[in-house]
Every structure is written in C-alpha cells, then in structure tokens.
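I have placed the structure first, in the form of structure tokens, so that the comments after it can refer back to it.
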2 protein chains.
Amino acid sequence: MQKPSIPEGTRDFGPEQSRRRSFIFDTLRDAFIRFGYEPLETPAMENLSTLLGKYGEEGDKLLFKILNNGDYLKDVDPQLLASKDSAQLIPHISKRGLRYDLTIPFARYVVMNRHALVFPFKRYQIQPVWRADRPQRGRYREFYQCDADVIGSDSLHYEAELIVLYDYAFTKLGIPVVIKVNHRQVLYGIAEAAGVADRFMDMTVAIDKLDKIGLDGVRKELADRNFSPDAIARIEQALSLNSSAELRHLLSKSSAGMDGLAELDTVSAYLEGLLLHNEVRRDITLARGLTYYTGCVFEVVAAVEGLRMGSLGGGGRYADLTGVFGLPGLSGVGISFGADRIYDVLEYMNAFPEILSKSLHVLFMALDTDSHRYAFHLMSRVRAAGIRAELYPEPGKLKKQFEYAARRRATWAAIVGEAECANHTVVLKDQRTGSQYTVTAEELPKWLAEH
Amino acid sequence: MQKPSIPEGTRDFGPEQSRRRSFIFDTLRDAFIRFGYEPLETPAMENLSTLLGKYGEEGDKLLFKILNNGDYLKDVDPQLLASKDSAQLIPHISKRGLRYDLTIPFARYVVMNRHALVFPFKRYQIQPVWRADRPQRGRYREFYQCDADVIGSDSLHYEAELIVLYDYAFTKLGIPVVIKVNHRQVLYGIAEAAGVADRFMDMTVAIDKLDKIGLDGVRKELADRNFSPDAIARIEQALSLNSSAELRHLLSKSSAGMDGLAELDTVSAYLEGLLLHNEVRRDITLARGLTYYTGCVFEVVAAVEGLRMGSLGGGGRYADLTGVFGLPGLSGVGISFGADRIYDVLEYMNAFPEILSKSLHVLFMALDTDSHRYAFHLMSRVRAAGIRAELYPEPGKLKKQFEYAARRRATWAAIVGEAECANHTVVLKDQRTGSQYTVTAEELPKWLAEH
C-alpha cells in the first residue's frame with residue numbers, strides 16, 4: 001500500500017487555513033470591486049507560445065510544461081530523441097504550460113477581446129500560478145496572485161486610485177503599512193546624473209536590492225557589475241539625499257528625471273486632502289525588479305513592530321504591455337498583493353478575526369433514535385437562522401458526544417431526550433461555563449443567535 | 001507577430017461571466033458553511049502515484065501529465081526512447097499530474113491528516129479539475145467541481161442532511177429541481193430478483209443510461225451485454241413498478257434489497273415534517289455510474305418547463321473511500337454540484353440577479369484639471385459609502401465621457417466644472433431619463449445610495 005504525499009513545494013490548506021485565506025481573498029475582492037475593477041478568470045493552462053519568452057530565460061525554465069496527450073512521441077524525429085536533448089524536445093512533446101503569472105494572461109485576454117472591451121479596462125484577478133522554483137521557506141511552486149490593473153489610459157489619477165486602494169485594502173485587512181512610491185524616470189535621471197544612463201537597467205537591478213543587502217551590498221553589486229568608483233559614489237550620493245529640493249536640484253539637467261518628478265507631483269495632488277490610514281512615502285531607492293515598468297512604481301511594506309518581512313505588494317505603470325501580442329500603445333498600471341505574506345503577517349500579529357477559528361456554534365446531542373430525528377429538525381431550523389449547527393451522528397451516551405463538542409470547539413451543546421421531545425424543548429449547556437438553560441423549540445433559533 | 005489564443009477546451013471568463021460564476025460559487029459556499037462543511041483546498045498538481053489507477057484505464061489516459069523540470073531525459077534508457085512507446089515513457093519523464101476530480105485528493109488528504117482530523121469530518125471543496133477529454137459543447141478540459149462530503153460515519157442522518165442541503169442551495173440559486181434518491185442495495189435486490197446478481201455492475205451501468213437512451217435503449221444495451229431475454233424482461237418489469245408496495249414485494253426475498261429499502265425509510269423519517277421547497281423523489285431507475293457508491297445515491301435534475309438537460313448534481317455513499325491509500329473502513333457520503341450546467345440553466349431561465357450585469361453606478365466627469373481632482377475626491381467619498389463609482393480618466397469634452405458612461409452602463413453621470421468646484425456641488429444626470437439634479441458634495445454619498 002502506498003503512503004500518499006503531495007508534490008514538493010505544494011500545500012494542502014485545511015479548514016482553518018482555508019477560512020483565513022478566504023478572509024484575505026474576500027477582503028481583496030471586495031476592495032477591487034468597490035474601486036471599479038472587474039473580475040477576470042483565465043485558464044490554468046496557456047499555450048506555450050503565449051508563455052515562452054515573456055519571463056526571461058530563467059522564467060522559460062521555471063514554466064511547468066504539460067505533456068501532450070495520446071501518442072505524443074509518434075511524430076518525433078528519432079534522431080532528436082536519440083540526442084537526449086531535453087530542451088530541444090520540449091516543443092515536440094508539449095504545447096501547453098501552466099500559468100506563470102496573471103499579467104501575461106491578462107495581456108493575452110485584452111488582445112483577444114480588444115473589440116468587445118471598453119477602454120480603459122479595469123480588471124482584477126485572483127488565481128493560482130505555478131513556478132518550478134526550488135522550494136524553500138516562503139517560496140512555493142503553487143501560490144495565489146491577486147492583481148488589479150487598468151489598461152488603455154495614461155491618466156495619472158489611476159496611480160492615485162491604486163494608492164488609495166492599497167490604503168483601503170490593508171486597512172480592511174488590519175495591517176498597518178507604508179506605501180512606497182517612486183518613478184522609473186526619476187531613477188533614470190539619477191543614472192543620467194551619475195553618467196551611467198546607458199547602464200540604467202543594471203543600475204536599477206542593483207538598487208532594487210537595497211532593502212535586502214543594504215548600501216554596502218549595493219556598492220559591491222555595482223562594483224561587481226563594473227560600475228566605476230566615480231559612478232558608484234554618485235549613485236550612492238543620490239540615494240542618500242534627504243530632501244526633495246536636493247533631488248530636484250540633482251535632476252534639474254535630466255528632462256526624464258524632471259518628468260518623473262512632475263508625474264509624482266500630479267499623483268500627490270490627487271491624494272492631497274484625502275483621509276488615508278497609512279503613510280504614503282516617496283522613496284527614490286525603490287526600483288522594483290520587473291523590467292517592463294516605465295512610470296510610477298509602488299511597493300507596500302508592513303509597518304509592524306519587530307517584524308522583518310519583504311514587501312506585501314507592488315506594482316507600477318508599463319507603457320506597453322500588449323505589444324508583444326500585436327497590440328502596441330496600450331499603457332497600463334497595476335498593483336498586486338502577496339497573499340502568502342499577508343497571511344504570515346496576520347498570523348504574526350495574531351490579527352485574524354477570531355470567528356475564522358470557529359467552525360461550530362452549537363452541537364446537538366440526542367439520547368435515543370426518536371430524539372435524534374427531533375434534534376435533526378431543531379438543527380435545520382437553527383441553520384435556517386444562519387447559525388452553524390451540527391448533530392452528533394448517533395444518539396446515545398453523552399460522554400462521547402461531549403468529547404466531540406470539545407474537539408469541534410462548539411460553544412453550546414444542545415441536548416434532547418424523551419422529555420424534551422415531549423415538551424418541545426431543548427437543554428442548552430454552555431461549554432465555557434457549564435451553565436444550563438431550558439429553551440423551547442420555538443425560541444431556540446433566536447436564543448442561539450443572541451447567545 | 002503571433003496571434004494569441006487559448007488551449008482547446010479551456011475558457012476565459014470575462015467580467016459578466018465571472019460575476020455570474022461567483023454568484024453560483026458564493027451561494028454554494030454559503031450553503032456548505034451553513035450546513036457545517038469545512039473548507040479544504042488541495043494543490044492543482046498531485047503525484048501521479050496518487051492519481052493513476054483511480055479513475056479506470058480511460059481516466060489514466062485523460063490525466064494531464066506534467067513534464068519533469070530540468071534535464072528530464074538525462075536518466076532515461078536510450079532503448080526506451082528509441083522504442084517511441086509514449087505510454088511506457090511517461091513514468092520516466094513525468095511524476096506529477098493535474099487534479100482530475102476532488103474526491104481522490106480529499107481521500108488522500110484525510111489519510112495524510114487522519115491523526116489531526118476530528119471524525120466525522122465534513123468538508124467542502126470548490127476547485128477546478130482538468131481532463132484531456134475531447135472538447136465538445138458543454139464539455140471542457142478545465143472545469144470547476146463543487147463537492148461536499150462527510151467521512152467517518154455511517155449515520156443516515158447525513159444522507160438526509162445532504163438532501164436538505166441540495167434543497168436549500170437550489171432554492172437560493174433560484175432553480176426549481178427534483179432531488180432523486182435511490183439505494184445501491186435496492187438495485188442489487190433487483191438484480192437478485194432478476195437472477196443476475198453476479199452481473200450487478202453491468203446491469204447498473206446499463207440502467208444508469210435510462211434517462212439518456214430510454215427504456216428501448218436500456219433493453220438494447222442489456223442485450224448487447226449478453227443478458228438473457230428472460231433477465232431483461234425481469235429487469236424491465238422492476239423498472240416499471242408503480243408503487244413502493246410492489247417494490248417491497250419484489251425485493252422481499254433479497255436481504256440486500258430489504259436493507260436498502262430500510263435505509264431509505266430511515267432517511268425519509270429524518271425528512272418527515274421538514275419544510276422543503278423541492279420534490280424529493282424515490283427513483284429505482286437511478287443508478288449513478290460511479291462504481292464506488294455502495295448505499296444511497298442522489299441526483300438532481302432541473303424542474304424547468306421546456307428545458308432538457310442532464311443532472312445538475314449527484315452523489316451517494318461509499319463504504320470505503322480511503323482504503324486505496326491504506327486507511328480502510330471509513331464510510332463517507334457526499335454530493336457534488338455541476339457549476340457549468342447550473343450556469344446554463346440560470347441563463348436559460350434568465351434568472352441571474354440583475355445586479356451581476358452592472359459594473360458601475362455612477363461615472364464622474366470633469367471639465368478641467370482642477371475639477372478632475374475635485375471629482376477624484378468626490379468619487380473616493382462615494383466609494384467609501386459602498387457605491388461603485390468611476391472617474392473618466394481625463395477632464396475635457398463631455399461627449400466622449402457620455403459615450404463611455406453609456407458603454408459602461410452607468411446609471412448616473414456626475415458632472416463637475418469650475419462652478420461646482422467653487423460651490424462644492426455636483427450635477428447628476430440620470431442616464432435613463434436625462435433628468436438633472438444639483439446635489440451638494442456633503443449629501444452626495446447618501447443621495448446616490450438612495451437613487
């Protein structure tokens with residue numbers, strides 16, 4: 001007999017975890033809907049032609065490929081097989097892969113449905129993605145992404161809206177955060193000021209690691225990437241600026257840099273006077289790794305005493321997301337929420353609503369077969385009133401039934417026997433205090449709703 | 001430039017479809033929770049060792065297999081490759097497959113977590129499954145299953161509970177149904193009475209098709225399976241019985257048959273006197289194809305004038321579900337809902353709640369840049385009151401903005417310019433009638449909530 005297991009890097013989510021995850025997903029969904037984002041679901045499988053080449057060479061390797069069905073080897077060249085070249089063989093035996101993120105499927109959907117959609121199109125999407133990364137603490141091969149994007153407009157009020165959305169959602173989740181904002185053009189301006197405009201991407205990738213590796217680490221990273229000591233010093237100086245006046249001065253000769261600052265100012269103007277619950281902070285060290293961002297970039301970090309954790313979300317504007325599928329010129333801006341990390345923070349804060357740990361309000365217990373049917377009816381009426389109720393599967397000895405009530409953490413035991421059947425009553429025992437009450441069948445739903 | 005597409009047999013669900021699907025899933029989830037079923041999520045990928053051999057030979061073929069990552073050919077015997085035997089090669093290049101149903105992962109989960117779970121364990125699960133079936137109308141390669149099962153008790157009150165759950169859920173969905181009930185032992189009794197007890201499964205598979213192929217079809221099917229004319233006549237006679245007294249008489253010599261009837265009577269006793277909204281009908285022609293059912297079986301069909309459609313759900317009791325993973329003797333009973341068919345019925349009935357077709361209550365329109373910021377603030381306040389609001393991305397000419405409002409099917413246009421900014425007001429235009437109202441910023445959220 002085999003001992004069952006699940007694939008490395010994947011997880012089962014039992015009742016309590018599932019309820020907690022639903023709390024996160026439902027909260028995000030409500031926020032997305034409230035802010036006018038419309039739902040989209042795409043299939044788990046995409047054609048490999050849609051996925052390949054979109055996530056870099058490393059991404060191509062980390063895609064899960066699905067073996068073609070049927071006699072998939074039939075038309076494969078025997079010489080190719082004999083060569084045992086795993087990479088070369090893939091296109092001949094696999095034409096589909098598992099979704100790697102939600103952005104490429106979104107772009108693919110927009111292009112396929114461009115004539116039916118009304119632009120700007122705002123969509124949210126909460127679905128799992130799969131990556132064949134080496135599993136480690138906090139990194140899984142199946143995990144959910146929760147994205148909101150608007151495509152088809154370069155209006156900066158969407159940047160402001162997404163900041164408000166972050167503020168709203170994390171307030172609802174009960175996590176205090178800092179929402180960091182920067183602009184790719186500001187970073188480009190810094191590269192210009194440091195004389196390394198031609199190596200902007202390299203510089204950005206290094207700066208992006210500041211949070212993780214510190215200023216020393218960035219300095220080393222830049223040196224490893226063959227930036228000159230002079231350029232490194234200038235970049236370092238820029239990253240250490242204390243006031244926006246200093247930054248404005250530094251970027252004054254970079255038209256890109258000044259454009260970036262102007263856009264950030266426009267976003268700020270939309271937010272001015274709005275009551276937000278979390279700090280929105282300009283942070284010129286914020287780079288965000290993804291290469292397709294071209295305008296504002298966002299990142300959210302928890303502002304929780306003693307907690308060290310990566311970002312809980314991020315996003316930004318990309319000037320051209322759908323060009324790769326033949327529809328250029330559609331600007332978009334989007335954010336995403338990291339559900340697994342949000343889960344970990346809420347657990348760390350002990351801040352999940354208590355109700356999520358409870359599965360049962362009242363357990364009915366019957367002493368005999370007739371009472372069991374009577375209890376079944378009582379339970380049905382109680383459930384109709386929206387109360388979570390169960391009936392112990394068999395009538396009989398109460399000891400076992402009380403043990404089960406305790407294991408299910410029921411607040412109330414509702415006991416019925418011959419007398420209760422005859423009188424149309426039920427005995428309620430408070431599992432916390434042991435107090436007992438006799439209540440009529442009529443009153444029961446209301447009574448339980450209030451106790 | 002490639003023209004993007006999605007894999008055959010898969011679907012994108014755009015905003016309106018997604019909202020309608022969520023209505024179905026949310027309704028079912030609420031019902032499951034109310035009836036004490038706890039959520040479970042399992043990974044999309046399972047080890048092939050978990051999946052293979054559980055769904056018959058055909059099922060093994062229809063599993064989507066995932067290609068191992070990295071240099072998956074490295075250790076494969078060159079002779080095996082040269083043989084081009086697709087089936088033989090699979091275990092050497094794939095160790096994972098996509099979930100084929102929710103029942104086997106549930107059984108696998110129960111066995112892996114048997115020491116932590118409290119039995120009876122009631123779980124629900126709403127997740128997609130994948131099958132490499134030939135796509136056709138109404139049959140997809142990715143589709144959702146919605147299951148509720150209880151495992152670890154043979155109490156018949158769970159059968160009654162699941163019938164009440166079906167009644168409750170379909171009432172909430174707004175679909176009138178008939179809930180058919182039968183018992184495998186009753187069918188076995190019929191096989192005994194017809195002298196074909198040794199060919200019970202064959203008989204069951206044929207009877208199961210009655211709905212689709214009619215009595216003539218079943219007769220032919222039985223003949224094709226080499227049942228004798230005499231046996232066929234007896235089976236046919238049994239299926240044509242009109243009263244439960246006649247059935248009781250027919251089965252009087254079959255102890256299995258009498259046991260089945262007694263169990264059905266116990267289930268009925270639990271339901272007696274309960275107010276149900278749909279008909280519960282005993283149907284001795286109900287067989288349900290799945291071979292692992294051993295007790296009661298259920299099936300739900302729509303009771304909608306003029307609609308011809310297969311079942312909207314089904315289920316039953318299985319004496320031993322986890323034995324295949326080394327944990328014998330756990331009896332379970334479960335039901336499932338067919339979300340795609342429920343969707344089709346609601347569409348046919350035109351019975352989806354109207355709100356699901358609307359994405360927007362009010363569109364804000366601004367005449368100039370300052371007003372655009374003012375409108376952004378108004379929108380934020382309106383959203384805080386729970387109203388779905390949008391701001392047209394750019395200030396300027398109203399014509400384009402009204403066109404957009406029409407395409408988004410907004411009920412109200414909220415127009416602001418210099419005067420409204422100065423007076424802290426907004427002009428509201430009813431998109432249905434053209435009527436206009438001027439409302440103060442202060443009153444706006446309440447006003448829109450009421451109009």
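Could you order peptides B:128-137, A:338-347 by the average number of other Cβ atoms within 10 Å of their residues, highest first?
Highest mean packing first, the order is A:338-347, B:128-137.
Rounded, prolate or oblate: which one fits segment B:83-180, using the alpha carbon gyration tensor with axes a ≥ b ≥ c (rounded when a/c is under 1.5, else prolate when a/b beats b/c, else oblate)?
Judged from the Cα gyration tensor, segment B:83-180 comes out oblate (a/c at least 1.5, b/c at or above a/b).
Please compute how much accessible surface disappears when A pairs with B, both sides summed, using a 1.4 Å probe, and round it to the nearest 100 Å².
Interface area, both chains combined: 9400 Å², rounded to the nearest 100.
Which order do the peptides A:367-376, B:319-328 take when ranked by the mean count of other beta-carbon atoms within 10 Å per residue, highest first?
In descending order of packing, they fall as A:367-376, B:319-328.
Taking a ≥ b ≥ c as the square roots of the eigenvalues of the Cα gyration tensor of segment A:1-152, is the shape rounded (a/c under 1.5), prolate (a/b larger than b/c) or oblate?
Oblate, because a/c is 1.5 or more while a/b does not exceed b/c.
Under a straight-distance cross-link criterion of Cα-Cα below 18 Å, which lysines are reachable from A:Lys212, leaving out those fewer than 8 residues away in the same chain?
Qualifying lysines at Cα under 18 Å: A:Lys180, A:Lys220.
Quick one: work out Rg over Rh on the C-alpha atoms of the protein assembly as shown, Rh as Kirkwood radius. Don't jump to the answer; show the numbers that get you there.
Details: Rg = 31.2 Å, Rh = 31.0 Å.
That ratio is 1.01, to two decimals.
Once the cut-off is 23 Å, how many percent of the Cα-Cα pairs in segment A:295-426 end up in the long-distance tail? Spell out each step's value before the answer.
Working: 5111 of 8646 pairs.
Every Cα pair in segment A:295-426 considered, those over 23 Å come to 59 percent.
Hey, what did segment B:359-450 get for relative contact order, percent, Cα under 8 Å, at least 6 apart?
So the answer I get is 32 percent.
How far is B:Gly70 from the same spot in each other copy, in nm, shortest first, if each label point sits 7 Å from Cα toward Cβ?
Here the equivalent label points are 3.3 nm apart from this one.
What length, rounded to one decimal in nm, is gained on full extension from B:Asn113 through to B:Ser5, with 0.36 nm per residue of separation minus their alpha-carbon distance? Write out the running numbers ahead of the final one.
On the way: separation 108, 0.36 × 108 = 38.88 nm, distance 4.09 nm.
Roughly 34.8 nm would be gained on extension.
Provide a whole-number value for the mean count of partner chain Cβ atoms within 10 Å of the Cβ atoms in peptide B:29-42.
5
Picking from A:Phe119, B:Val301, B:Gly97, whose Cα lies most toward the positive end of the charge dipole for the protein assembly as shown (charges on Cβ: Lys, Arg +1; Asp, Glu -1)?
Working it through, the farthest residue towards the positive pole turns out to be B:Gly97.
Please give the FRET efficiency for B:Glu272 paired with B:Thr438, using the beta carbon to beta carbon distance and R0 = 56 Å, rounded to the nearest 0.05.
Here the calculated transfer efficiency is 0.35.
Treating cross-link reach as a plain straight distance, find the aspartates and glutamates whose alpha-carbon is under 14 Å from the alpha-carbon of A:Lys122, omitting any fewer than eight places away in the same chain.
Within the straight-line limit of under 14 Å, A:Lys122 reaches these aspartates and glutamates: A:Glu38, A:Glu41, A:Asp147, A:Asp149, A:Asp154, A:Glu159, A:Glu161, B:Glu16, B:Glu390.
Express the Stokes-Einstein translational diffusion coefficient of segment A:126-279 in µm² s⁻¹, to the nearest whole number, given a Kirkwood radius over alpha-carbon pairs, 20 °C and a viscosity of 1.002 mPa s.
118 µm²/s
Could you give the size of the charge dipole of segment A:75-205 about its Cα centre, using +1 on the Cβ of each K and R and -1 on the Cβ of each D and E, expressed in debye and rounded to the nearest 20?
Values: 17 positive and 15 negative charges, 104 e Å.
Around 500 debye, computed over segment A:75-205.
Let me confirm one metric for peptide B:379-387, namely the mean number of other chain beta-carbon atoms within 10 Å of its residues' beta-carbons.
The per-residue average across the peptide is 4.
For segment B:99-174, what does the accessible surface come to per residue with a 1.4 Å probe? Please give it in Å².
Details: 2330 Å² over 76 residues.
Spelled out: the 1.4 Å probe surface of segment B:99-174, per residue, equals 31 Å².
Let me make sure I get this right: for segment B:238-336, a, b and c are the square roots of the gyration tensor eigenvalues over alpha carbons, sorted descending. Under 1.5 in a/c it's rounded, otherwise prolate if a/b > b/c, else oblate. Which is it?
Note, shape of segment B:238-336 comes out oblate.
Where Rh is the Kirkwood radius over the Cα pairs of segment A:359-450, the temperature 10 °C and the viscosity 1.306 mPa s, what D in µm²/s does Stokes-Einstein return? Don't jump to the answer; show the numbers that get you there.
Numbers: Rh = 12.6 Å.
Reported coefficient: 126 µm²/s.
Using the Cα centre of segment A:359-450 as the reference point, and only Cβ charges (+1 on K/R, -1 on D/E), how large is the resulting charge dipole? Debye, rounded to the nearest 20.
Once rounded to the nearest 20, the dipole reads 460 debye.
Please report, for B:Met258, the nm distances (one decimal) from its label point, 7 Å out from Cα along the beta-carbon direction, to the equivalent points in the remaining copies, shortest first.
Listed shortest first, these distances are 10.0 nm.
Distance check, please: which entries in A:Lys172/B:Lys429; A:Lys65/B:Lys61; B:Lys61/B:Lys95 exceed 22 angstrom between their Cα atoms?
Where the Cα-Cα span goes over 22 Å, the pairs concerned are A:Lys172/B:Lys429.
When Cβ neighbours within 10 Å are restricted to other protein chains, what is their mean count per residue of peptide B:59-70?
Counting Cβ atoms of other protein chains within 10 Å of each residue's Cβ and averaging gives 5.
Which one, A:Tyr374, A:Gly334, A:Ser311, is farthest towards the positive end of the dipole of segment A:304-381 when Lys and Arg carry +1 and Asp and Glu -1 on their Cβ?
A:Gly334
What nm value, rounded to one decimal, do you get for the distance between A:Met349 and A:Arg281 when each label is placed 7 Å out toward the C-beta?
The answer from the label model is 1.6 nm.
Summing -39500 (n - 2.57) over the DSSP H runs of n ≥ 4 in the protein assembly as shown and dividing by its residue number, what mean residue ellipticity at 222 nm do you reach, to the nearest 500 deg cm²/dmol?
-12500 deg cm²/dmol
About the Cα centre, and with charges only on the beta carbon of Lys, Arg (+1) and Asp, Glu (-1), how big is the dipole of chain B? Nearest 20 debye, please. Walk me through the numbers before you get to the answer.
Details: 56 positive and 59 negative charges, 210 e Å.
Rounded to the nearest 20 debye, it is 1000 debye.
Using only the Cα atoms of chain A, what do you get for the radius of gyration and for Dmax, in Å?
That works out to 28.7, 93 Å for Rg and Dmax.
Can you pull the one-decimal nm distance between simple spin-label points at A:Asp265 and A:Lys400, each 7 Å off the Cα toward Cβ?
Taking the simple label geometry, A:Asp265 and A:Lys400 are separated by 7.8 nm.
Tell me the GluC sites (Glu not before Pro) within segment A:351-451 that lie in a loop according to DSSP and have at most 16 other beta-carbon atoms within 10 Å.
Those satisfying the criteria are A:Glu442, A:Glu443.
Answer with one residue from A:Tyr144, A:Ser268, A:Gly36: the one whose Cα lies farthest towards the positive end of the charge dipole of chain A, charges on Cβ with Lys, Arg +1 and Asp, Glu -1.
A:Tyr144
Going highest first, how would you order B:160-166, A:176-182, B:219-225 by mean Cβ packing within 10 Å?
Numbers: B:160-166: 24.9, A:176-182: 20.7, B:219-225: 16.0.
Highest to lowest by the protection proxy: B:160-166, A:176-182, B:219-225.
I need the calculated FRET efficiency for the pair B:Lys212 and A:Thr369, taking r as the beta carbon distance and R₀ as 35 Å, to the nearest 0.05. Working shown, then result.
On the way: r = 40 Å, r/R0 = 1.14.
My answer for the efficiency is 0.30.
What distance in nm separates the two pseudo spin-label positions at A:Val205 and B:Arg409, each 7 Å out from Cα along the beta-carbon direction?
Simple spin-label model gives 4.7 nm for this pair.
The values are calculated or read from the model by the stated rules, or taken from the named source; none is laboratory data. The model shown is predicted, which means the values in this text are computed figures rather than measured ones. Heads up, the Cβs are rebuilt from the backbone with ideal geometry, glycines too, and the neighbour counts pull from every protein chain shown. The accessibility values were calculated without ligands, DNA or RNA, using every heavy atom of the protein model including side chains. Shrake-Rupley method; radii C 1.70, N 1.55, O 1.52, S 1.80 Å.
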